[in-house]
Amino acid sequence: MQSDIEFRRAPVEADEKRGVLVGRAVPYADTIELSPGVFERFDVGAFSKQANARDHYGRVKLLYGHDHTQVPLGRAVALEERADGLWAEYQVN
């Protein structure tokens, strides 16, 4: 099965002593064409419920290439909505 997932790069900060990665997980206001004629866009507030549900952060997995068949690289320990997107802090396994 061929994957048509678009991979983009984003700056990530690493704290090796704490074993965490911090970066923007989802950009806001970017319209992306998933396939011909099918578009995706996230607006400010799209993740407000998740960002405020601190007891459920661990359900947000850090995956390599969206591959759900592999062991997650880590799990979220913090989520924060900012003007430019959803930011996440992940504890790396």
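The values are calculated or read from the model by the stated rules, or taken from the named source; none is laboratory data. Given the structure is predicted, the values throughout are model-derived calculations rather than measurements. No Cβ is skipped: glycine too gets one built from the backbone with ideal geometry, and neighbour counts run over all protein chains shown. To get the accessible areas, we keep the full protein, side chains included, count just its heavy atoms, and leave off ligands, DNA and RNA. Shrake-Rupley method; radii C 1.70, N 1.55, O 1.52, S 1.80 Å.
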Review point. What's the longest piece of the chain with no exposed chymotrypsin sites (Phe, Trp or Tyr not before Pro), counting a site as exposed if DSSP puts it in a loop and it has at most 15 other beta carbons within 10 Å?
Key: 8-63
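Roughly speaking, what % of Cα-Cα pairs in the chain are separated by over 19 Å, rounded to a whole number? Intermediate values should be presented prior to the final figure.
Values: 2028 of 4278 pairs.
Distances greater than 19 Å cover 47 percent of the Cα pairs.
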Practice item. List every residue whose amide H lies under 5 Å from the amide H of Ala25, counting only residues 5 or more places away in sequence or on a different chain, with H placed 1.01 Å from N in the peptide plane. Key: Leu86, Trp87, Ala88
Study note, to complete from the structure: Computed ³J(HN,Hα) along the range 69-80: with the Karplus parameters 6.51/-1.76/1.60, θ = phi - 60°, integer Hz and x for glycine or proline, the list is 7, 9, 5, x, 6, x, 9, 5, 10, 7, 10, 9
Practice item. Could you tell me what percent of the accessible area of the chain is made up of carbon and sulfur, with a 1.4 Å probe and every protein chain present? Key: 52
Review point. Of Gly37, Asn93, His66, which is farthest along the charge dipole of the chain in the positive direction, counting Lys and Arg as +1 and Asp and Glu as -1 at C-beta?
Key: Asn93
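Heavy-atom accessible area per residue, the chain, 1.4 Å probe: how many Å²?
On a per-residue basis, the chain sits at 79 Å².
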